[in-house]
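K.L.:
Dropping the structure in here first, questions after.
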Amino acid sequence: MPKIPGIDIFELSFRTAVHSDVHKVADLVNSAYRGELSKLGWTNEADIFDGERTNAKELAKLIDADDSLILLCLHESEIVGSVHLEKVEGGAYLGMLAVNPSLQRAGIGKRFMEKAERVACEVWNCRKVSMTVVTIRHELIQFYERLGYRRTGKIDAIPPNSWKGTSKVASLQLEWLEKDIRL
């Protein structure tokens, strides 16, 4: 596992986001998914969508919602990752996973996913985590499969220009993945 100067994945801490975090989290998520900075990492959608992935107002609503939380990954006091977890029937839905693009490929995402799964178990007694991934993001689906997620066969269409930005690709779809997380 490559070492990023100044980052030891065993020195990461985690906490739930609060309202004073929303602008930093929005900047992190948008930098990981969209625009030129996102291209430093391997998990971006810059060639698939234009526009923001999220904003502070949306994140504040997620923080306020029942059975919803945004988990943060920190190195010292710097937010280096975030993920949204929501309790749903049958388990938890995990979405909007973001790791600082300049720190990707250092093992942070894997460690952060493990923590998010434990949080879903501990907070909501969940036995399953589900997520959706844009079907043409093959490398991302493979990453989740290496972490134990399986393809469910369920596919949902993404209507053009209606999902978190403007689509640059026609006929995009979301594939459902899930993992049994019984502790």
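The values are calculated or read from the model by the stated rules, or taken from the named source; none is laboratory data. All of these numbers come straight from a predicted model, not from anything done at the bench. Neighbour counts run over all protein chains shown; Cβ positions are idealised from the backbone, glycine included. Calculation scope for accessible area: heavy atoms of the full protein, side chains included, ligands and nucleic acids excluded. Shrake-Rupley method; radii C 1.70, N 1.55, O 1.52, S 1.80 Å.
K.L.:
Give the range 86-113 a look and list any residue that's acidic (Asp, Glu) and modelled with pLDDT under 95, or say none. If you could, list the steps in order and put the result at the bottom.
P.N.:
Residues of the range 86-113 that are acidic (Asp, Glu), as a first pass: 86, 89.
The answer is Glu89, and nothing else.
K.L.:
Quick one: is Lys24 surrounded by fewer than 19 Cβ atoms within 10 Å (Cβ to Cβ), basic (Lys, Arg), modelled with pLDDT of 90 or more and farther than 21 Å from Ser102 by Cβ?
P.N.:
Details: surrounded by fewer than 19 Cβ atoms within 10 Å (Cβ to Cβ): yes; basic (Lys, Arg): yes; modelled with pLDDT of 90 or more: yes; farther than 21 Å from Ser102 by Cβ: no.
No, not satisfied.
K.L.:
Within the range 99-137, which residues are free of Cβ contacts under 8 Å to residues at least 60 places away in the same chain and open to solvent by 20 Å² or more (accessible area, probe 1.4 Å)?
P.N.:
Residues satisfying the conditions are Lys110, Glu114, Glu122, Val123, Trp124, Asn125, Arg127, Lys128, Thr132, Thr135.
K.L.:
If Ser167 meets every condition in (1) more than 12 Å from the chain's Cα centre (by Cα); (2) open to solvent by 50 Å² or more (accessible area, probe 1.4 Å) apart from one, which number is that one?
P.N.:
Every listed condition holds for Ser167 apart from (2).
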